[in-house]
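Nothing in this text is a laboratory measurement; each read-out follows from the coordinates by a stated rule. No experiment lies behind these values; they were computed from the predicted model shown. Cβ atoms come from the backbone with ideal geometry, glycine included; neighbour counts cover every protein chain shown.
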Amino acid sequence: MRRWRLRLAAGFAALAALALALAMLARAENGVLRDEIFVGETPVTVSRPSAPAAVPAPAVVVAHGFSGSRQLMRAISTALAQAGYVVVSFDFLGHGRHPRPMAGDVTAVDGATAGILAQLGQVTAAARGLDGVDGRIALLGHSMAGDVIARLAVEQGRGVTATIAVSAFSPVVAADRPGNLLMIAGAWEGALADWALERTRAHAGSEAVFGVTYGAHAEHGARRAALAPGVEHIGVLYSPATVREAVAWLDAAFDRERASPPVSPRGPWILLMLGALVALAWPLAALLPPGPARAGAGLGGWRFWAVAAGPAIATPLLATAMDVRFLPVVVGDYLALHFALYGALTALGLWLAGAARPPRAAFARAALPALLVAAFALGALGPALDAHVSSFWPVEARLPIIAALLVGMSPWFLADEWLTRAPAAPRLAYAATKLLFLGSLAGAVALDLERLFFLIILTPALLIFFLVYGLFSGWAWRRTGEPWAGGLANAAVFAWAIGVTFPMVAG
């Protein structure tokens, strides 16, 4: 009875926190109207002030980075619209809800970069002609897009009034171009912050420092490097300092004099919303159908560690020797192969070590709880992520990718859950195998850096997924006694999340 009371109290607390977070996030949207349009096949969101404007306003084209989407730029887009600008954000080829892949080598300027640069030019031309736009344009891009917007700004010269590169690097940024360039980096970004300051010193001299504007906006010759304190590559997009710097830069470039508008912080409320949803899963797990005694491999001591560590060593050695390319998504095919091979080796180790075998009815008993856990993960966390973090709903072209990833990932999640979810398993066994898996991915990158470089970008997301969905699978196992309930659910959720996030490529 005491546990039920605790679960009930936790559920009400999570719901209260969720309601507060949603209310504050809705409040942060005040004064903004959004329209969804298409420029060719490119999905575009137009954000503008809800109050009728007395005169047309400049447009700001906002571009996301690699593996990003319009949703990732929502905080900045909203703040710029609240400041009186018409904001045009979009999904690059191969990203978000764009139905077409990027074409060409993603590391070559004459490959994928040429395609998305042309796409940015099309969106920018469309933005100039929108109702309520006075024809003037500014560009803002994060990470990969910082290079792309810099290239377009150099091409169009004074046709782009201001350029804002956030957490970016671009070889086309010279001492005198593009004009009116603001570079913002998170204080924890190291090399990118150093690059922003170096490019400012190339323009203004070796004494230039962060937070000072050099040159005149009226002459299209202003430059500034700014730091957003206490944030990294993603946090910089939610930092009030980033928003204040961007709005002030645009106001100066477009000669709009006014007091700085208030900035509504979003990052803490997004974290509270996601944290509340994760916490809500604990009391809801009590509604799963109860099962028999908790099952699992029953391995402890050296036998457990041999089964856990062996695949971590062997998988990268074997998988990197196979040049398998069958999915139109960056490193997706290798990731499916790595999961599948790692899972097969873990299953082989379980058999060789004499582990208890799953009963014949294990899969059938795990099916319903797995479906319920996956439904919560996708149906509750999915809309929250899709609204405020990154695109989470797949276009039709991504469905086969998700299916292939599910086939590849299932062997490892099933074998790992069976290995780690048993009373005989060492303490922190589940966490240990996740670290070993991430270590095996690091080994694969070290063995084939050129092909697998983009796995480095994926690793932080995988770590977060392991933490969150590991909690879900643990709660499901404690309630149902079925390790495969969490294994099947996690395989489905991981396949979905990676399938909708990583860019589609062709050629």
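Some notes on this structure:
- For residue 50, the residues whose modelled amide H falls within less than 5 Å of its own, excluding neighbours fewer than 5 places apart on the same chain, are 32, 33.
- The region of the chain that goes longest without hitting one of the GluC sites (Glu not before Pro) in a DSSP loop, each with at most 14 other Cβ atoms within 10 Å, is 258-507.
- Taking the Cα centre of the chain as origin and assigning +1 to Lys and Arg Cβ atoms and -1 to Asp and Glu Cβ atoms, the resulting dipole is close to 2040 debye.
- Trypsin sites (Lys or Arg not before Pro) lying in DSSP loop within the stretch 303-408, provided at most 16 other Cβ fall within 10 Å: 325, 360
- Top positive-direction residue, dipole computed over the stretch 170-295 with Cβ charges, set 218, 280, 239: 280
- Part-to-part distance (alpha-carbon centres) for the stretch 368-418 and the stretch 433-507, which is given in Å: 11
- The translational diffusion coefficient of the stretch 30-264, from Stokes-Einstein at 10 °C and 1.306 mPa s with a Kirkwood hydrodynamic radius over alpha carbon pairs, comes to 91 µm²/s.
- Leading residue at positive end of dipole, the stretch 27-153 (Cβ point charges), from 28, 66, 80: 28
- Near the amide H of residue 421, within less than 5 Å, lie the amide hydrogens of 297, all on another chain or at least 5 residues away, with H placed in the peptide plane.
- In the chain, a dipole from Cβ-located charges (positive for Lys and Arg, negative for Asp and Glu) runs towards its positive end, and of 500, 422, 268 it is 422 whose Cα lies farthest in that direction.
- Alpha carbon centroid spacing (whole Å) that separates the stretch 63-127 from the stretch 36-51: 12
- In degrees, nearest ten, helix 399-420 long axis to first principal axis of the chain (Cα): 50
- Loop-located chymotrypsin sites (Phe, Trp or Tyr not before Pro) in the stretch 63-157 (DSSP state not H, G, I, E or B) with no more than 15 neighbouring Cβ atoms inside 10 Å do not occur.
- Between the stretch 220-274 and the stretch 331-362, the Cα center-to-center distance that results, in Å: 47
- Radius of gyration over Kirkwood radius for the chain, both on Cα atoms: the Rg/Rh ratio is 1.01.
- In degrees, nearest ten, helix 2-27 long axis to first principal axis of the chain (Cα): 20
- Each Lys and Arg Cβ is given +1 and each Asp and Glu Cβ -1; about its Cα centre, the stretch 292-506 then shows a dipole of about 800 debye.
- For the stretch 140-194, average projected area of the Cα convex hull in nm²: 3.3
- Rounded tilt (10° steps) of 301-319 against the dominant C-alpha axis of the chain: 50
- Estimated [θ] at 222 nm from DSSP helical runs (n ≥ 4, -39500 (n - 2.57)) normalised by residues in the chain, nearest 500: -17500 deg cm²/dmol
- Sorting 137-143, 278-284 by average packing, meaning the other beta carbons within 10 Å per residue, from highest down gives 137-143, 278-284.
- Other residues with beta-carbon under 11 Å from the beta-carbon of residue 117 carry, at +1 per Lys or Arg and -1 per Asp or Glu, a net charge of -2.
- For the stretch 384-472, a Kirkwood radius taken over Cα pairs fed into Stokes-Einstein (4 °C, viscosity 1.567 mPa s) yields D = 85 µm²/s.
- Among 322, 504, a tally of other beta-carbon atoms within 10 Å of each Cβ gives an order, fewest to most, of 322, 504.
- Put a plus charge on the Cβ of each Lys and Arg, a minus charge on the Cβ of each Asp and Glu, and nothing anywhere else: the dipole of the stretch 307-425 about its Cα centre is then about 380 debye.
- For the peptides 484-492, 75-83, the ranking by packing is 484-492, 75-83, with the highest mean count of neighbouring Cβ atoms within 10 Å listed first.
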